Amino acid sequence: MRYQISGKQIDIGNALQTHVKTELDAVVQKYAERPTDANVIFSKSAHEFVCEATVHLSTGLTASAKASENEIYAAFDSCAEKMEKQLRRYKRRLKDHHRERSEPVELMGASSYILAGSDEAAESEPDTLQPMIIAEMEAKIPSLTVGEAVMQMELAGAPVLVFRKEGNSSGVNIVYRRDDGNIGWIDPS
């Protein structure tokens with residue numbers, strides 16, 4: 001795992017860097033399969049030290065934590081505890097998810113487009129009503145149960161997830177986070 005340990009207007013010594021690497025490595029290796037890199041930033045806010053840690057996992061998910069304490073080592077230790085709790089939850093949910101599933105998730109190919117936004121400064125009428133395509137990419141739409149889709153959306157921290165409902169080959173479903181904190185589900189059938 002690659003580490004980037006830095007300080008904002010704070011000198012980070014070798015002893016603190018070694019402590020961060022050993023402690024964070026122990027936490028991450030315990031719960032995550034293949035972490036790719038970690039970014040730890042120390043800063044000072046009034047009389048407290050602030051530690052922000054972000055760990056990128058090979059699954060594409062990101063775990064992050066932030067803590068502040070009066071001492072710099074205590075700030076990191078508190079941040080590492082939060083990170084461990086988040087990774088422990090992630091691992092437990094992933095284990096439960098795979099226990100029910102006997103086959104791997106089926107993925108369906110789809111096209112994803114980025115369209116040019118409307119230019120509010122331009123007061124003239126557009127020449128055509130067709131939007132201008134800026135980029136085209138390939139997306140994968142998983143075949144999941146509704147519960148699995150909600151879990152994937154929450155773990156990714158995404159506001160919306162498009163998926164095919166398992167057992168229903170026609171159409172796509174959407175789960176999204178509503179403004180009231182609940183989860184919405186759109187099923188076209």
Answer yes or no: is there a residue in segment 123-138 that is outside any helix (DSSP H, G or I), of a type in the set (D, E, K, R), farther than 30 Å from S43 by Cα and modelled with pLDDT of 75 or more.
-> yes
Search result, residues across segment 11-54 that are β-branched (V, I, T) and over 15 Å from A67 (Cβ atoms) | I12, T18, T22, V28, T36
Exception for K44 within (1) surrounded by fewer than 16 Cβ atoms within 10 Å (Cβ to Cβ); (2) charged (D, E, K, R); (3) modelled with pLDDT under 90; (4) in contact with a Lys or Arg (Cβ under 8 Å, 6 or more places away or on another chain) falls at (3)
In the set V20, V27, the lone residue that is touching a strand residue (DSSP E or B) at 6+ places or on another chain (Cβ under 6 Å), of a type outside the set (D, E) and either closer than 22 Å to M151 by Cα or touching a residue at least 24 places away in the same chain (Cβ under 8 Å) (or both) is V20
Just give me the residues in segment 1-18 being within 18 Å of M83 (Cβ to Cβ) and within 26 Å of the chain's Cα centre (by Cα), in sequence order.
-> M1, R2, Y3, Q4, I5, S6, Q17
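The values are calculated or read from the model by the stated rules, or taken from the named source; none is laboratory data. Predicted model, so just to flag it, every value in this text is computed and none were measured. Heads up, the Cβs are rebuilt from the backbone with ideal geometry, glycines too, and the neighbour counts pull from every protein chain shown.
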